[in-house]
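Remarks on the structure that follows.
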Amino acid sequence: MFKGRHFEQSVIILCVRWYLTYGLSLRDLKEMVAERGISVDHSTIHRWVVHFAPLLAERFNRRKRVVTGKWHADETYIKVRGQWTYLYRAIDSSGDTVEFWLSEHRDLSAAKRFFRKAFARHGRPERIVIDGSQTNREAIISCDTISRLQDRACRPPEPVRIRQSQYLDNRIEQDHRRIKRGVRPMLGFKSFKSAAATLSGIEMVHMLRKRQVPDAHAASLSIAEQFETLVAAF
């Protein structure tokens, strides 16, 4: 994974972790590592983040703790190339992140893709709380219907219950703010690909903070220690 890289693995991982964890700009991070005697261009750090963040997120998802059957789903805005894109997100009743997906559009097709991804990874929930979005409601009903038709159980499963309320969805609105606070110092994304890759890493670190890896609570592992555990698996 790190073979042939000009810099040592420890330097690459340190830069990637700091960038995803502390909401730094690339130039801030360049100055910080320069103080430690390491000369690296900010564009190189950016390439490391875009390459390694999705790989680390994929590794994390294989070890992620099981979520509950009660979800809160919503979307928030992320600016890419000066245009608004849409980050679909869901958390469970414990506040753990269920799933996320960045889309260039906010429509029925995008909502369906998000819920299909969530259902495929975590199964069908018992209940989903959303705001007044009719599009999200239609997407849930469509994905749930297909999922139930494909279920081979002798007894047909109950449909997912949908609760629509502007006030019941405050929980996920608060969770959105933590993600956007990490994005703000990055001065905007220049491409959709880099935005999707970087956000996968930011979401992963957010889940590390929530200790969504089994035994992270019991072992009292810091974010850095959890991060190193993921890297060691490469």
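Miscellaneous remarks
- Rounded to 10°, Cα long-axis angle of helix 9-22 versus longest principal axis of the chain: 50
- Pairs of Cα atoms farther than 16 Å apart, region 42-164, %: 66
- Folded to 0 to 90 degrees: helix 170-183 orientation relative to the chain principal axis, Cα: 20
- R0 of 45 Å, Cβ-Cβ distance Glu8-Arg113: FRET efficiency to nearest 0.05: 0.70
- Here Lys79 is the anchor, and the lysines within straight C-alpha reach of less than 29 Å, apart from those fewer than 8 places off in the same chain, are Lys30, Lys64, Lys112, Lys117, Lys180, Lys190, Lys193, Lys210.
- Against the chain, whose longest principal axis is taken from its Cα atoms, helix 42-63 shows a tilt of about 40°.
- Taking Glu35, Glu138, Glu99 as the candidate residues, the one with maximal mean-square fluctuation in a Gaussian network model of the chain, Cα springs under 10 Å, is Glu35.
- For region 85-234, a crude dipole built from +1 on the beta carbon of Lys and Arg and -1 on the beta carbon of Asp and Glu, taken about the Cα centre, is about 280 debye to the nearest 20.
- Distance distribution note for the chain: the fraction of Cα pairs above 32 angstrom is 24%.
- Region 161-193 residues near the modelled Asp28 label - backbone nitrogen below 19 Å, point 7 Å along Cα→Cβ: 177-190
- Here the sum of -39500 (n - 2.57) over DSSP H runs of 4 or more residues, divided by the residues of the chain, equals -17000 deg cm²/dmol at 222 nm, to the nearest 500.
Computed from the coordinates by the stated procedures, all read-outs in this text should not be read as laboratory data. The model shown is predicted, which means the values in this text are computed figures rather than measured ones. Quick reminder, even Gly has a Cβ in these numbers, built from the backbone with ideal geometry, and neighbours come from all protein chains shown.
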